[in-house]
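Below is one structure, written out as structure tokens, with a few remarks after it.
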Amino acid sequence: MAERKLITPRFRITVGDQVFTQGIRVECHSSRREQCSWATLEYDPGYAGLLDLASMAPAQVELGYDGDYDTLLTGYMADGQALGPYRILDDTLFLKRTYVKETFLDCCPQDIIRFGLGRAGIADYRLSDTMYPKKDVVPVPRMNVAELIQEVGRVWGLEASFYFRSGRFFWGTGEEQTLIYVLEEGKNILSFNQWNGGNEIKTIGVPWIHQGERIRIRHRKFDGEALVTSVRVKADETGSVRMYVSF
């Protein structure tokens, strides 16, 4: 089944109770630097106005073949012009729209993060179970919850990443990775570019490689495992769906 899905994968976009498989151009992003996933939608010529893309409508972007789809992104319509482009943002949207101003006493990082998630209405989360020393006082000026979580990292000197995956929030931990996807020259690597110490692989459009996961690369320019830092999925000039994996 996986091989079939790699032949001619297609996007399927669901916004509210509307499902669209044509007439919209889609580009999906996921990045450790931005610590969120998002997608941009634009109408193809002649399709403008066919969808009611209301702000905060639940949305999902899938990729698949012949009725068998896997999820690239779940989120909400965040913003957009009357005729596009539109933007879907994952549940980070709730973190960015919720503001706090508090002074925390005798607390560890997880205490503050749980508080912020609660204010944002996020109940499904998984936090690192690492024990960090408590701080007597942590004053927090007015900021949104995404900024609050970044401030926790600054105060404790941590580099813990955070992100949403299928509606669940992760901080300093992640879903257990049981399989490592292999990208191999001559098979599923279409191009390999290097610049400023970074690497980007162009491959076929697949929905099961995510930022923060490890992949196995077999290429003359790089041979070994690597941590994915960002993923971009879009249709190229021929209409074929391609994935751009940075590490």
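Every number here is computed from the coordinates shown, using simple stated rules; none is lab data. Computed from a predicted model, the values in this text were never measured in an experiment. Here the Cβ is made from the backbone with ideal geometry for all residues, glycine too, and neighbour counts use every protein chain on show.
How many of the residues making up the range 126-154 are surrounded by 16 or more Cβ atoms within 10 Å (Cβ to Cβ), under 24 Å from residue 212 (Cβ atoms) and of a type in the set (Val, Ile, Thr)?
Total meeting the criteria: 3.
Starting from the range 142-161, keep only residues that are without any contact (Cβ under 8 Å) to a residue 12 or more places away in the chain, then list their pairs with residues that are in a helix (DSSP H, G or I) whose Cβ atoms are within a distance under 7 Å, requiring at least 6 positions of separation or different chains.
From residues that are without any contact (Cβ under 8 Å) to a residue 12 or more places away in the chain, the pairs are 159/153.
Hey, can you tell me all the residues within the range 186-196 that are surrounded by 12 or more Cβ atoms within 10 Å (Cβ to Cβ) and in a loop (DSSP other than H, G, I, E, B)?
Initial filter on the range 186-196 (surrounded by 12 or more Cβ atoms within 10 Å (Cβ to Cβ)): 188-190, 192-193.
Listed by number, the list holds a single entry, 188.
Pairs needed: first member in the range 197-208, assigned to a strand (DSSP E or B); second member anywhere, hydrophobic (A, V, I, L, M, F, W, C) and buried (at least 21 other Cβ atoms within 10 Å of the Cβ); C-beta distance under 6 Å; at least 6 residues apart or different chains.
201/183; 201/245; 203/183; 203/243
Could you list, in sequence order, all residues of the range 114-143 that are closer than 28 Å to residue 57 by Cβ and outside any loop (DSSP other than H, G, I, E, B)?
116, 117, 118, 119, 125, 126, 143
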